[in-house]
Amino acid sequence: MKDQAEGLRHLVQTHQDRSIRQTRIITVTSGKGGVGKSNFTLNFALSLQAQGYKVLVFDADIGLANIDVLMGVPSTYNLYHLLKREKTIWEIIQKGANGLEFIAGGSGFTDLLRLTEEELNYFSEQIGELNGYADFIIFDTGAGLSKETLQFILASEETIVVTTPEPTSITDAYAIIKMVTSMGHQVSFKLVINRVTDAKEGRQTADKISLVAHQFLDLQIPTLGFIEDDAAVSKAVRKQVPFSLAFPNSAAAGNIRAISEAFVGGYRTSHTPSSGVKSFLNKMMRLLK
């Protein structure tokens, strides 16, 4: 009887949590590959989780999905199994490092572009089940502005653009912001500068992008923070353990904590309520049809 009572209390608490939780949808992208976007996404999610938030990571990097690889966790199921109705949304959610929940991409996202109306409705229904399930759902997209990446950027509440101080990376990061803006869409962008030698280089890189965006696009793009070029990161990748867990006292781990705290600080003080999963789905379905 005691176990049943505890189980019932857990179910009631879960229902209450979902009824009051506002799920915020975030897209993480980059102008070019090789800037550490997926590594950032993973450790950013873990840092949010460490602050007490429930986080779900969607690996939406078509063809190069690697969130599971970075954690050393083999992905049994992915979005493809959902689209083919072989599994439900709950059955494709897997647990990785520190219990972080994630959905592997596989080839499923490519199939989103070829869904029938019936399949679209099923997909929408299943993703809609996540409303209130997590505080943050983070989509790790592919690099560059592919059609799929654009859809996630436009449907999400905000997009974090990861770049490095390299001139080509800066140019490509600005290009993706310019392209989205030139299409007439209002998107909330934020910057993260990865692999900086020091805070000064990070600020200078961010200022270059922010200044040009303000001057030519009339956009204000805040910077969440910088991540130092830290040997601990590559060591963690080889170990297939997130660097914030493998080397919690490293400079990069401290940087990622500062970034997540800055993000949460803005989230808490924002007077704009989260639009949630339903709004995300409505936008996504309009883009897909």
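Values in this text are rule-based calculations from the coordinates and carry no lab data. Since we're looking at a predicted model, the values are computed, not measured.
Considering all C-alpha pairs of the chain, those separated by over 31 Å amount to 26%.
By the helix-only formula, in which each DSSP H run with n ≥ 4 contributes -39500 (n - 2.57) and the sum is divided by residues, the chain has a 222 nm mean residue ellipticity of -16000 deg cm²/dmol. Once the Cα atoms are used to define both axes, helix 276-288 deviates from the longest principal axis of the chain by about 80 degrees.
Within the listed set N249, N43, N78, the Gaussian network model of the chain (springs between alpha-carbon atoms below 10 Å) gives the highest mean-square fluctuation for N249. Which links in K239/K278; K54/K200; K54/K278; K235/K283 stretch past 28 Å when you go from one Cα to the other? Flagged as over cut-off: K239/K278; K54/K200; K235/K283.
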